[in-house]
2 protein chains.
Amino acid sequence: MNGAQALIRTLVDSGVDVCFSNPGTSEMHFVAALDSVPEMHGVLALFEGVATGAADGYARMADKPAGVLLHLGPGLGNGLANLHNARRAATPVVNIVGDHALDHKRYDAPLESDIDAIASAVSNWQRRSEKTTDVGRDAADAVAAACSPPGGVATLILPADVSWSEGGQAADPVRPQERTPVAEEAVIDAVNALTSGERTVILLGGAATREPALVAASRISAASGAIVLAETFPARITRGAGVPTFDRLGYLAEQVAYQLEGVQHLILAGARSPVSFFAYPGKASDLVPDGCAVHTLAGASEDAAGALERLAEVIGKDAEPVLAAAHRPELPTGPLTAQNWPDVIGALLPENAIVADEANTSGVLIPSATAGSPKHDVLTLTGGAIGYGLPVATGAALACPDRPVLCLQADGSAMYTISALWTHARENLNITTVLLNNSAYAILRLELQRVGAQAGGPRAKDLLDLSRPDLDFVSIAQGMGVPASKATTAEELAEALKAAFAEPGPHLIEAIVPAMIP
Amino acid sequence: MNGAQALIRTLVDSGVDVCFSNPGTSEMHFVAALDSVPEMHGVLALFEGVATGAADGYARMADKPAGVLLHLGPGLGNGLANLHNARRAATPVVNIVGDHALDHKRYDAPLESDIDAIASAVSNWQRRSEKTTDVGRDAADAVAAACSPPGGVATLILPADVSWSEGGQAADPVRPQERTPVAEEAVIDAVNALTSGERTVILLGGAATREPALVAASRISAASGAIVLAETFPARITRGAGVPTFDRLGYLAEQVAYQLEGVQHLILAGARSPVSFFAYPGKASDLVPDGCAVHTLAGASEDAAGALERLAEVIGKDAEPVLAAAHRPELPTGPLTAQNWPDVIGALLPENAIVADEANTSGVLIPSATAGSPKHDVLTLTGGAIGYGLPVATGAALACPDRPVLCLQADGSAMYTISALWTHARENLNITTVLLNNSAYAILRLELQRVGAQAGGPRAKDLLDLSRPDLDFVSIAQGMGVPASKATTAEELAEALKAAFAEPGPHLIEAIVPAMIP
């Protein structure tokens, strides 16, 4: 077998059997090899940022990595933003970047660039395959590195000649690695904080936002009175009826200051200590209140869920978790607003849904509106690199073909990776996209206001405005093969949502929702 | 003034008065400063790859740099592919990347990443502004570096606090730098080759594809019998009636081998020595024939045009250039094919047009069909990173508002930066896009064939197919505010082109042109 065949065979044997691809000439032997290893499902994306975001969404839901196939440095560049988000989500991704043949590199051909430098910004492991005989081993090492807790982006740079030459051999399958158990001292330290009688917050993140960890945290809270919060942007958090529901830490520093006011102990379970998303003049970046002790119960690569269960056993043996009651909001009526559209979602969210949430400012009320909806998983924008929603929904739908996927997608962000809609159609994915069109980069209007009074000029505001012309997402979606409709009232949104949920395959509903800051 | 104001003032004073922007929170003070320096025209792009490609197109036509404003590492990543093309075009670009405040970086906030590493892959100069008092000087140094012959991408990383703090001061305007004159020895060496009686090719590239250099080269050819070729992908080449027309070096190594067969002297005027775009098993990367001597008349940063004129004086004192005769093809009729649509373009190309050519496989006959059309400039894909056509057309139209821009855009490549259409509409740019829809990555079908017989499997071919669903570019364009129509016959294309050229502002014509390899 040639190098490409050995690579794909090794990936498949290790459970990596989906590859999101945007190939070029240097990857043509990988493409050709797909027919000799039919277990690998090659999924075409029309832009690399779709491929990388899809790999992120896939692994968040499948709990195993997908492959990504990118074309040289520029292809990696195009995929970089969503690899950044995957890195922040600690998502395992096997990122294969085709390169020129080894002997061709010294000629500095037009597509030559420093792939290693670009890859270093997102990879927790990277290697260039140097010999065809090593490709299988390199692929196995990449899978192992991607899956090494907490998970990350493993980049394997694959020269074209290493790929096309004969002499490849598949490596042994990679075995899953367990997270490191938490030391008993960390549990005892947390017990001391929780029983101190002082105001204590448990901050859940990473692996501790799945149901068992949420239940354990709720029992700890019931036994100790501690407040439980989830990190601002969880990679995947389970919510809804029958699941403990916790507020997420706020996005703005002011919100966090309010949430953590007077807190004397902050217990981190898989979460990082809170810092401001951005810096602002005269404001602190570290959001831990003065005098608050930070206790790391479990770091990112440790078994945070197990630690919470152990902690619940110790201090909450008989405590019952508080589970969200089944409760749906009333269906609202009238013109859509930022206030009422989330209620339509809450009222109609299907059983066992996956919500890919990039609604941004339009979606601030989604968590409360869906708290009592049927149990669902929410995926959020972990790294702040916008354009993640449509691609992540793509991957989630491929990972869980039996679950409906709801993509809540803001307009400005949508345009970074809009061609994901084509892949929704190509793969006939069961994704309903609600495209929140407020004709603005609304989050930046807020930030411009925060800059100060002198910032109100028309030329500045113009750069945050998405009208002139208005984007018509119904046309755009239809142009990519996704059935689409427009809603300007709550009734229209409800009707379109019901129809979309009732029919398999992709749909897009453009919801005209005025921005909070006009 | 604050740092942002000092930056923009310095740029404007040095002639950089257009900035293609896709800003975020860390760039908000730059955005706010636009109202205090109204000479700066901020142009909004909905994706960073549009902004960077537009800056490339702008500078190719304006012969001075535009600014680009990007948001942190992910924004730079999104813009990287077209910065790669700009680097290969030796286009001056002042690339401003906003970063977190200096003191915020150590907190590793979600959007933190290694901007320096990413920037290093495309920049010929890069610096992080460390103090507000230095921003003006840093901006001037960036402009100077971008404009330093032959031109390149200068990346200035601008921390948010350096931008927002008071104490900025504008730097003195940057003066243009001349290219290094060519030493007389290089001219004499070329004269010796040209008068040797041996088969000689002059390869034009870089600065030597503008009219005066083309005229000089034609005179040299007339006097010496040398064959003149242009590099495969010129940043900007002047063509059409009244201008000497030369073939471009082929894209495939086989074509180049044919063009250079038996050549004993290759004279490089601003061009690099030819290498294969990609490597192939058993084939050479260096395309210079055995026994052929390579003479560098002018390197990339030297005055290639001046050297050619000097050479023409020495050996072609009385030689006349051969200028292309005015001649338009007949308007074809019947269903569109890869063979006939270029004739429609050749027949109707307006006076003084700028052609942004990313037609790829569909456009192989464009050069011959337009050789006798009115004089025009052609911009090509210098770095092989697809998705350059629509953005480059954007920048060219802003640089030359009095010239019609024709964007010849292949379907697959279009989808990487499709949101450029929105900027065409927002800025009401006089761009006519002919979208060549062949429902395939046709170039990759060719490459897959070249891989060998075993590569013909359906799973491989599926990854190169853009149907299921077919992309409807009329819908997509209309969704972004660009009037659009579809043509399936030569008559429809001609009618739509005439209408588009007759009406200012953007238009898109989707031309259904079957792929050469089905």
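Quick check, is B:Val191 more than 14 Å from chain A (Cβ to nearest Cβ) and in contact with a Cys (Cβ under 9 Å, 6 or more places away or on another chain)? Please lay out each step first, then the result.
Details: more than 14 Å from chain A (Cβ to nearest Cβ): yes; in contact with a Cys (Cβ under 9 Å, 6 or more places away or on another chain): no.
When the stated conditions are applied, B:Val191 does not pass them.
Looking for whichever is closer than 26 Å to A:Ala396 by Cα and among the β-branched types (Val, Ile, Thr) here; the options are A:Thr195, A:Thr209, A:Thr180, A:Thr200. Which one fits? Step through it out loud before you land on a result.
Values: A:Thr195 fails: closer than 26 Å to A:Ala396 by Cα; A:Thr180 fails: closer than 26 Å to A:Ala396 by Cα; A:Thr200 fails: closer than 26 Å to A:Ala396 by Cα.
Matching residue, one of A:Thr195, A:Thr209, A:Thr180, A:Thr200: A:Thr209.
Give all pairs with beta carbons closer than 9 Å in which a residue from the stretch B:271-287 that is more than 8 Å from chain A (Cβ to nearest Cβ) and open to solvent by 30 Å² or more (accessible area, probe 1.4 Å) meets a residue that is part of a loop (DSSP other than H, G, I, E, B) and of a type in the set (S, T, N, Q); count only pairs at least 6 apart in sequence or on separate chains.
B:Lys283/B:Ser276; B:Ala284/B:Ser276
Could you grab the pairs with beta carbons closer than 8 Å, sequence gap of 6+ or different chains, first residue in the stretch B:245-258 and under 12 Å from B:Pro274 (Cα atoms), second one open to solvent by 80 Å² or more (accessible area, probe 1.4 Å) and not in a strand (DSSP E or B)?
B:Leu249/B:Gln255; B:Gly250/B:Tyr258; B:Ala253/B:Lys283
Among the residues of the stretch B:98-134, count how many are open to solvent by 10 Å² or more (accessible area, probe 1.4 Å) and either free of Cβ contacts under 8 Å to residues at least 60 places away in the same chain or among the β-branched types (Val, Ile, Thr) (or both).
So the count comes out to 23.
Please enumerate the residues belonging to the stretch A:383-436 that are in a helix (DSSP H, G or I), within 14 Å of another protein chain (Cβ to nearest Cβ) and open to solvent by less than 10 Å² (accessible area, probe 1.4 Å). Steps first, answer last, please.
So in the stretch A:383-436, the residues in a helix (DSSP H, G or I) come out as A:389-399, A:411-414, A:420-426.
Still in the list and also within 14 Å of another protein chain (Cβ to nearest Cβ): A:390-391, A:411-414, A:420-426.
A:Leu390, A:Pro391, A:Asp411, A:Gly412, A:Ser413, A:Ala414, A:Ala420, A:Leu421, A:Trp422, A:Thr423, A:His424, listed by residue number.
Under 8 Å by Cβ, and 6 or more places apart or on different chains, what pairs join a residue from the stretch A:30-53 that is at the interface with chain B (Cβ under 8 Å from one of its Cβ atoms) with one that is of a type in the set (Asp, Glu) and outside any loop (DSSP other than H, G, I, E, B)?
Matching pairs, first to second residue: A:Gly42/B:Asp462; A:Leu44/B:Asp462; A:Leu44/B:Asp465.
How about the stretch B:3-21: which of its residues are β-branched (Val, Ile, Thr) and part of a loop (DSSP other than H, G, I, E, B)?
Within the stretch B:3-21, just B:Val16 meets the criteria.
Of (1) surrounded by fewer than 18 Cβ atoms within 10 Å (Cβ to Cβ); (2) in contact with a strand residue (DSSP E or B) (Cβ under 8 Å, 6 or more places away or on another chain); (3) of a type outside the set (Ser, Thr, Tyr), A:Pro212 satisfies all except one. Which?
Result: A:Pro212 fails condition (2) only.
Going by what's in this entry, would A:Ser221 be described as touching a strand residue (DSSP E or B) at 6+ places or on another chain (Cβ under 7 Å), among the polar types (S, T, N, Q) and surrounded by fewer than 20 Cβ atoms within 10 Å (Cβ to Cβ)?
Against the criterion (touching a strand residue (DSSP E or B) at 6+ places or on another chain (Cβ under 7 Å), among the polar types (S, T, N, Q) and surrounded by fewer than 20 Cβ atoms within 10 Å (Cβ to Cβ)), A:Ser221 does not qualify.
What's the number of the only condition in (1) under 30 Å from B:Ala101 (Cβ atoms); (2) in contact with a strand residue (DSSP E or B) (Cβ under 7 Å, 6 or more places away or on another chain); (3) at the interface with chain B (Cβ under 10 Å from one of its Cβ atoms) that A:Ala515 fails to meet?
Looking at each condition in turn, A:Ala515 falls short on (3).
So, in the stretch B:231-260, of the ones that are polar (S, T, N, Q) and within 18 Å of B:Ala304 (Cβ to Cβ), which residue ends up most open to solvent (accessible area, probe 1.4 Å)?
The residue in question is B:Thr232.
I'd like to check something: does the stretch A:434-447 contain any residue that is over 30 Å from A:Thr52 (Cα atoms) and of a type outside the set (Phe, Trp, Tyr)?
For the stretch A:434-447, residues over 30 Å from A:Thr52 (Cα atoms) and of a type outside the set (Phe, Trp, Tyr): absent.
Would you check which residues across the stretch A:487-515 are in a loop (DSSP other than H, G, I, E, B) and farther than 18 Å from A:Thr337 by Cβ and list them? Let's see the steps before the verdict.
The initial filter retains those residues of the stretch A:487-515 that are in a loop (DSSP other than H, G, I, E, B), namely A:488, A:503-506, A:513-515.
Once the filter is applied, which keeps residues that are in a loop (DSSP other than H, G, I, E, B) and farther than 18 Å from A:Thr337 by Cβ, the stretch A:487-515 yields A:Glu503, A:Pro504, A:Gly505, A:Pro506.
Which residues, counting only those in the stretch A:105-134, are within 14 Å of chain B (Cβ to nearest Cβ) and part of a helix (DSSP H, G or I)?
Across the stretch A:105-134, the qualifying residues are A:Lys105, A:Arg106, A:Tyr107, A:Ile115, A:Asp116, A:Ala117, A:Ile118, A:Ala119, A:Ser120, A:Thr132.
Scan the stretch A:291-321 residue by residue and report those that are within 10 Å of A:Leu268 (Cα to Cα) and buried (at least 23 other Cβ atoms within 10 Å of the Cβ).
A:Leu297, A:Ala298, A:Ala304
List every residue pair whose Cβ atoms lie under 6 Å apart, where the two residues are 6 or more positions apart in sequence or sit on different chains, the first residue falls within the stretch A:370-394 and is at pLDDT 95 or above, and the second residue, located anywhere, is of a type in the set (Asp, Glu) and not in a loop (DSSP other than H, G, I, E, B).
Filtered contacts from the stretch A:370-394: A:Val378/A:Asp357; A:Thr380/A:Asp357; A:Leu381/A:Glu358; A:Tyr388/A:Glu358; A:Gly389/A:Glu358; A:Val392/A:Asp56.
What residue, of A:Leu102, A:Leu70, is more than 17 Å from B:Leu464 (Cβ to Cβ), in contact with a helix residue (DSSP H, G or I) (Cβ under 8 Å, 6 or more places away or on another chain) and within 12 Å of chain B (Cβ to nearest Cβ)? Show your work before the answer.
Numbers: A:Leu70 fails: more than 17 Å from B:Leu464 (Cβ to Cβ).
The conditions single out A:Leu102.
Out of A:Thr380, A:Thr370, report the one residue that is within 14 Å of chain B (Cβ to nearest Cβ) and either β-branched (Val, Ile, Thr) or buried (at least 24 other Cβ atoms within 10 Å of the Cβ) (or both).
Answer to the selection: A:Thr380.
Name the residue, out of A:Ala347, A:Ala326, that is hydrophobic (A, V, I, L, M, F, W, C) and open to solvent by 70 Å² or more (accessible area, probe 1.4 Å).
Just a single option satisfies the conditions, and that option is A:Ala326.
Would you confirm whether or not the stretch A:135-150 contains a residue that is of a type outside the set (A, V, I, L, M, F, W, C), outside any helix (DSSP H, G or I) and open to solvent by less than 10 Å² (accessible area, probe 1.4 Å)?
No, that holds for no residue.
Restricting the search to the stretch A:437-463, which residues are in contact with a strand residue (DSSP E or B) (Cβ under 6 Å, 6 or more places away or on another chain) and either at the interface with another protein chain (Cβ under 8 Å from one of its Cβ atoms) or among the hydroxyl-bearing types (Ser, Thr, Tyr) (or both)?
A:Leu463
Give, as residue ranges, the helices (runs of 4 or more DSSP H) completely inside the stretch B:22-89 that count at least 3 residues that are modelled with pLDDT of 95 or more and more than 21 Å from the chain's Cα centre (by Cα).
Counting at least 3 such residues, we get B:72-89.
Out of the stretch B:353-395, which residues are among the hydrophobic types (A, V, I, L, M, F, W, C) and touching a Phe, Trp or Tyr at 6+ places or on another chain (Cβ under 7 Å)?
Residues of the stretch B:353-395 among the hydrophobic types (A, V, I, L, M, F, W, C): B:353-356, B:359, B:364-366, B:369, B:371, B:378-379, B:381, B:385-386, B:390, B:392-393.
Once the filter is applied, which keeps residues that are among the hydrophobic types (A, V, I, L, M, F, W, C) and touching a Phe, Trp or Tyr at 6+ places or on another chain (Cβ under 7 Å), the stretch B:353-395 yields B:Leu381, B:Ile386.
The values are calculated or read from the model by the stated rules, or taken from the named source; none is laboratory data. The model shown is predicted, which means the values in this text are computed figures rather than measured ones. Quick reminder, even Gly has a Cβ in these numbers, built from the backbone with ideal geometry, and neighbours come from all protein chains shown. Areas reflect the complete protein model, heavy atoms only, side chains present, ligands, DNA and RNA absent. Shrake-Rupley method; radii C 1.70, N 1.55, O 1.52, S 1.80 Å.
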